[in-house]
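Chemist: The structure that follows is given in the form of structure tokens.
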Amino acid sequence: MERKNVLIICGGGSSEHEVSLRSAQYIKDQVSLIKELNPIVVEMDKDANLTLNGNKVSLNGQILETATERPYINYVIPVIHGPPGETGEIQCYLEMHKLPYLGPRHEGSSICFNKVTTKLWFDLLGITNAPWKAIHRGLPFELSEIKEFFKESNNDVFIKAASQGSSVGCYHVTKSSEIETKLNEALKYSDDVLIEKTLKGRELEIAVFEQDGNLHASRPGEIINDDDKFYDYQQKYSDDSHAKTLIEAQDLTSEQIAKMQNIAKTAFKCLKLRHLSRIDFFLSDGEIYLNEINTFPGMTSISMFPKMLENTGLKFSDFLKEKILKETR
């Protein structure tokens with residue numbers, strides 16, 4: 001039996017490049033478990049150049065051009081965290097060339113990658129989320145208004161670059177004197193910057209995925225930071241991280257779990273997502289707040305999404321197998 005070629009594109013050249021490489025290795029290992037499939041991993045640099053085993057290659061429509069071969073690509077898994085993998089750019093290219101791929105289409109990717117756009121959708125849908133304000137690089141703003149919001153937020157906010165992931169360009173601010181500096185720092189990463197009230201409480205996550213024609217939501221997992229630090233890039237990916245993850249959060253009521261699952265599914269459908277996403281919540285003073293959506297979450301050996309998915313009883317390789325074989329018949 002001739003195996004189908006699955007192109008795994010990783011890297012991207014953003015601040016999340018190295019994490020993407022680790023995710024790609026995990027995906028490759030999972031695809032390798034499927035006898036019908038042959039994984040091919042290519043790495044993209046910041047200029048969108050592709051390399052295979054250190055040699056430059058190119059994707060021309062459905063053909064991967066290498067120095068020695070021209071394999072036909074049956075399916076693509078864009079394992080790029082951040083731009084251009086989660087911004088809709090790669091998705092547009094793949095759709096234009098009629099290449100089936102894993103993950104949300106370009107519109108859902110674009111909506112969810114910008115934290116300001118996502119918050120606007122949450123408000124429109126009536127989904128409770130943390131109080132917020134935003135600024136845009138090209139528009140004037142009153143620093144005094146941001147400082148007033150800071151006071152209203154108990155002198156405790158997060159300033160976030162709107163179009164970044166893995167907590168890159170994200171700053172915890174508890175001093176008014178730091179606001180302007182951190183706004184300028186965040187603007188180095190994104191044209192839009194979100195200013196959000198800090199919520200004290202539990203950090204919970206749900207894996208939402210499609211399987212067998214149905215939309216599923218896992219039970220919530222939990223991030224626990226023993227040293228009271230926020231879950232930044234270092235806490236997520238460093239071997240020295242003190243953060244703990246629980247694949248299934250404890251001491252939640254059935255009503256809280258059902259409410260989070262319902263919100264997660266609603267957001268998934270209304271924000272035009274597909275196949276998979278990780279949807280993050282806060283539980284603060286008994287109230288559930290939707291935090292953010294990761295359209296292609298981390299897939300490293302310690303990442304929450306694959307673990308929460310498998311906690312539902314579904315093997316991650318079987319999840320991939322259904323998507324790939326269904327779209328490459």
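The values are calculated or read from the model by the stated rules, or taken from the named source; none is laboratory data. Every value quoted in this text rests on a predicted model; they were computed, and no experiment measured them. All Cβ positions, glycine included, derive from the backbone under ideal geometry; neighbour counts span all protein chains shown. Accessible surface areas use protein heavy atoms only, side chains included; no ligands, DNA or RNA. Shrake-Rupley method; radii C 1.70, N 1.55, O 1.52, S 1.80 Å.
Chemist: Looking at residue 245 and the list (1) modelled with pLDDT of 95 or more; (2) open to solvent by 30 Å² or more (accessible area, probe 1.4 Å); (3) within 27 Å of residue 108 (Cβ to Cβ), which single condition is not satisfied?
Modeler: (1)
Chemist: Sort out which residues of region 118-138 are crowded, with 17+ Cβ neighbours inside 10 Å, of a type outside the set (A, V, I, L, M, F, W, C) and farther than 23 Å from residue 204 by Cβ, and write them in order of number.
Modeler: 133
Chemist: With the checklist (1) closer than 21 Å to residue 323 by Cα; (2) aromatic (Phe, Trp, Tyr); (3) touching a residue at least 40 places away in the same chain (Cβ under 8 Å) in hand, flag the one item residue 93 doesn't pass.
Modeler: Among (1) closer than 21 Å to residue 323 by Cα; (2) aromatic (Phe, Trp, Tyr); (3) touching a residue at least 40 places away in the same chain (Cβ under 8 Å), residue 93 violates only (3).
Chemist: On to the next question. What residue, of 14, 20, is assigned to a helix (DSSP H, G or I) and crowded, with 16+ Cβ neighbours inside 10 Å?
Modeler: Residue meeting the stated conditions: 20.
Chemist: Pull out all pairs, ordered by first then second residue, where Cβ-Cβ is under 8 Å, the residues are six or more apart or on different chains, the first lies in region 155-183 and is on the phi > 0 side of the Ramachandran plot, and the second is β-branched (Val, Ile, Thr) and modelled with pLDDT of 95 or more.
Modeler: Listed pairs, sorted by first residue: 155/174.
Chemist: Condition first: in a loop (DSSP other than H, G, I, E, B) and within 14 Å of residue 186 (Cα to Cα). Now tell me which residues in region 145-165 satisfy that.
Modeler: Listed by number, the residues that qualify are 162, 163, 164, 165.
Chemist: Among the residues of region 271-329, write down those that are of a type in the set (Gly, Ala, Ser) and within 13 Å of the chain's Cα centre (by Cα).
Modeler: Correct list: 277, 298, 303.
Listed here are the residues, each with its yes/no results for (1) of a type in the set (A, V, I, L, M, F, W, C); (2) touching an Asp or Glu at 6+ places or on another chain (Cβ under 9 Å); (3) assigned to a helix (DSSP H, G or I).
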| residue | (1), (2), (3) |
| --- | --- |
| 292 | no, yes, no |
| 299 | yes, no, no |
| 307 | no, no, yes |
| 318 | no, no, yes |
| 323 | no, yes, yes |
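Chemist: For residue 139, state whether it is more than 29 Å from residue 50 (Cα to Cα) and either touching a Pro at 6+ places or on another chain (Cβ under 9 Å) or in a helix (DSSP H, G or I) (or both).
Modeler: Against the criterion (more than 29 Å from residue 50 (Cα to Cα) and either touching a Pro at 6+ places or on another chain (Cβ under 9 Å) or in a helix (DSSP H, G or I) (or both)), residue 139 does not qualify.
Chemist: Just the residues that are touching an Asp or Glu at 6+ places or on another chain (Cβ under 9 Å) and either basic (Lys, Arg) or surrounded by fewer than 15 Cβ atoms within 10 Å (Cβ to Cβ) (or both), please, taken from region 149-164.
Modeler: Of everything in region 149-164, just one residue is touching an Asp or Glu at 6+ places or on another chain (Cβ under 9 Å) and either basic (Lys, Arg) or surrounded by fewer than 15 Cβ atoms within 10 Å (Cβ to Cβ) (or both), namely 160.
Chemist: Restricting the search to region 175-208, which residues are over 29 Å from residue 247 (Cβ atoms), open to solvent by less than 60 Å² (accessible area, probe 1.4 Å) and in a loop (DSSP other than H, G, I, E, B)?
Modeler: 190
Chemist: Ok, one more. Can you confirm whether region 165-172 contains a residue that is modelled with pLDDT of 95 or more and either surrounded by 15 or more Cβ atoms within 10 Å (Cβ to Cβ) or farther than 25 Å from residue 257 by Cα (or both)?
Modeler: Within region 165-172, one or more residues are modelled with pLDDT of 95 or more and either surrounded by 15 or more Cβ atoms within 10 Å (Cβ to Cβ) or farther than 25 Å from residue 257 by Cα (or both).
Chemist: Using beta carbons and a limit of 9 Å, which pairs, at least six apart or on different chains, have the first residue in region 288-309 and among the charged types (D, E, K, R) and the second one buried (at least 24 other Cβ atoms within 10 Å of the Cβ)?
Modeler: 292/112; 292/115; 292/279; 307/207
Chemist: Sticking with this one: Which of the residues that make up region 67-117 are surrounded by fewer than 21 Cβ atoms within 10 Å (Cβ to Cβ), of a type in the set (A, V, I, L, M, F, W, C) and within 14 Å of the chain's Cα centre (by Cα)?
Modeler: If the condition is that a residue be surrounded by fewer than 21 Cβ atoms within 10 Å (Cβ to Cβ), of a type in the set (A, V, I, L, M, F, W, C) and within 14 Å of the chain's Cα centre (by Cα), then 111 is the only one that fits.
Chemist: Shifting gears a bit: Looking at region 23-62, which of the residues that are closer than 24 Å to residue 163 by Cα and among the small types (Gly, Ala, Ser) is most open to solvent (accessible area, probe 1.4 Å)?
Modeler: The selected residue is 48.
Chemist: Taking the options 33, 7, 59, name whichever one is in contact with a Phe, Trp or Tyr (Cβ under 8 Å, 6 or more places away or on another chain), farther than 19 Å from residue 297 by Cβ and either in a loop (DSSP other than H, G, I, E, B) or not aromatic (Phe, Trp, Tyr) (or both).
Modeler: So the residue among 33, 7, 59 that is in contact with a Phe, Trp or Tyr (Cβ under 8 Å, 6 or more places away or on another chain), farther than 19 Å from residue 297 by Cβ and either in a loop (DSSP other than H, G, I, E, B) or not aromatic (Phe, Trp, Tyr) (or both) is 7.
Chemist: Kindly provide the set of residues from region 278-306 that are more than 22 Å from residue 201 (Cβ to Cβ) and either surrounded by 15 or more Cβ atoms within 10 Å (Cβ to Cβ) or of a type in the set (Val, Ile, Thr) (or both), ordered by number.
Modeler: 295, 296, 298, 299, 300, 302, 303, 306
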